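Asks: My structure is below; once you've seen it, I'll send some questions.
The values are calculated or read from the model by the stated rules, or taken from the named source; none is laboratory data. Fair warning: this is a prediction, and the values are worked out from it, not measured in the lab. Cβ placement follows ideal geometry from the backbone for every residue including glycine, while neighbour counts extend to all protein chains displayed. The accessibility values were calculated without ligands, DNA or RNA, using every heavy atom of the protein model including side chains. Shrake-Rupley method; radii C 1.70, N 1.55, O 1.52, S 1.80 Å.
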Amino acid sequence: MTERELLERFEETVGKDRRIEPRDWMPEGYRATLIRQIAQHAHSEIIGMQPEGEWITRAPSLRRKAILFAKVQDEAGHGLYLYSAAETLGADRDDLTERLISGRQKYSSIFNYPTLSFADVGVIGWLVDGAAICNQVPLCRTSYGPYGRAMVRICKEESFHQRQGYELLMTMMGGTPAQREMVQDAVNRWWWPSLMMFGPPDADSPNTARSMAWKIKRHTNDELRQRFVDMTVPQAERLGVTLPDPGLRWNAGRGHYDFGEPDWAELKRVISGDGPCNAERIARRRAAHEEGAWVREAAAAYAAKRAAGGRAA
Ligand code: BYC
């Protein structure tokens, strides 16, 4: 088949909402966009273990510790499914890790903020996992098969994470005035960064149009941000916290909540490496990678021995 015929077939497949699979022909731009997005997503899951992981040793009860342990472990699993999906496109996992720790590939801005109290664990579950679900449920229908299938499982686990966060906050809101203040303080700090997770406004998003045409993304950044706000406001009311946005109000005409403008200059700063915890997150990831070298070497030696037909030790 000529390149033109291959492209026509690719466009027909995408147009009919069928899936592109690893062995199918695909335009190089499609492949590169997917590797960029899936790698960034995988890195976010792995770096995302750090802010909550810091609270495992300080969890207030054995029950909360067990829950947090399981959640952080789930994030590691999500990273692994996603790196595997990127590998089906020809990416090399070592290379992706190298790109992350050398600052050449991004990860979500949200994980560059500090977790100052245990209420932050609940708020990350409620708002950060809540935003992640809004963004990721449509990705279950993304046009690339391995990415969409990974997202199905990830979304199931993220829904559970969101509920555990909300339950933790409900418990704290039923506690002492000091506990309620901790929750409100955490909401004040995480609300705007959560809105920034959806990316820059559509008018300033260079990748959205192409990704929508290829059905990698199913909705624009602003559409998903609005969906998140609409979903979250009633939950905040039920919880008894105030979202820190004086511009937040129901607009009956639009059938949506109006809300204020996030600080886009802050998002740019955080994405470009100048957020409150960027240096710390990357230093920790680099150290973990270096400390894990012996595990990778041992696994490679074991695989080589098996491949050579030797007895597995
Ligand atoms: N942070 O043209 P745009 C989780 C970049 S993990 C950093 O709109 P696109 C969890 C963007 O990459 C959640 N960078 O891009 C884990 C692009 O840069 P490049 C992670 C951002 O791709 C542990 C440039 O800005 N979720 O849930 O069309 C514990 C222009 O943007 C951000 C995903 O990764 C940002 N917030 O849309 C708890 C979801 N926003 O690459 C929870 C999958 C934008 O051109 N990803 N950038 O240099 C996506 O859906 C899309 O990639 C985005 C951005 C909506 C994020």
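Asks: Once the piece of chain linking Arg163 and Ala300 is laid out straight, how much longer is it, given 0.36 nm per residue of separation minus the C-alpha distance between them?
Replies: Extra length from Arg163 to Ala300 when fully extended: 45.4 nm.
Asks: Tell me the GluC sites (Glu not before Pro) within the range 63-127 that lie in a loop according to DSSP and have at most 11 other beta-carbon atoms within 10 Å. Intermediate values should be presented prior to the final figure.
Replies: Details: sites: Glu75, Glu87, Glu98; in loops: none.
Listed in order of number, the matching sites amount to none.
Asks: Just subtract the alpha-carbon distance of Asp230 and His289 from 0.36 nm times their residue separation and send over the number in nm, one decimal.
Replies: 17.3 nm
Asks: Using a 1.4 angstrom probe on the protein heavy atoms only, could you order Trp294, Trp214, Trp191, Trp250 from most to least accessible area?
Replies: Details: Trp294 175, Trp214 30, Trp191 0, Trp250 135 Å².
The residues order as Trp294, Trp250, Trp214, Trp191, largest area first.
Asks: Moving on to the next point. Heavy atoms only, 1.4 Å probe, whole protein assembly: order His43, His256 by accessible area, highest first.
Replies: Order by accessible area, largest first: His256, His43.
Asks: I need to check one value: relative contact order of the chain, counting alpha carbon pairs closer than 8 Å and at least 6 residues apart, in percent.
Replies: 18 percent
Asks: Put Tyr166, Tyr83 in order of accessible area, largest first, 1.4 Å probe: what do you get? Please list the in-between numbers first.
Replies: Values: Tyr166 50, Tyr83 10 Å².
These residues rank, largest area first, as Tyr166, Tyr83.
Asks: Also, I was wondering about something else. Please give the solvent-accessible surface of Lys156 in Å², to the nearest 10, using a probe radius of 1.4 Å with every protein chain present.
Replies: Lys156 has an accessible surface of roughly 140 Å² with all protein chains in place.
Asks: With every protein chain present, what is the per residue accessible area of the range 3-310 (1.4 Å probe, Å²)?
Replies: Value for the range 3-310: 49 Å² per residue.
Asks: Based only on Cα atoms, what Rg/Rh ratio does the chain have, Rh being taken as Kirkwood's radius?
Replies: On the Cα set of the chain, Rg over Rh gives 1.00.
Asks: Could you give the length gained by full extension between Lys268 and Arg218, i.e. 0.36 nm per residue of separation minus their alpha carbon distance, to one decimal place? Before the final figure, lay out the partial values.
Replies: On the way: separation 50, 0.36 × 50 = 18.00 nm, distance 2.37 nm.
Taking Lys268 through Arg218 to full extension adds about 15.6 nm, to one decimal.
Asks: If I model a spin label as a point 7 Å beyond the Cα along the Cα-Cβ vector, how far apart are those points for Glu8 and Leu248 in nm?
Replies: Once both label points are built, they end up 5.3 nm from each other.
Asks: Per the Kirkwood definition applied to all pairs of different Cα atoms, how many angstroms is the hydrodynamic radius of the range 157-313?
Replies: Working: mean 1/r = 0.0505 Å⁻¹.
Over the range 157-313, the inverse of the mean reciprocal pair distance is 19.8 Å.
Asks: Return the carbon/sulfur percentage of the accessible area of the chain, one whole number, probe 1.4 Å, all protein chains in place.
Replies: The C+S portion of the solvent-accessible surface of the chain is 55 percent.
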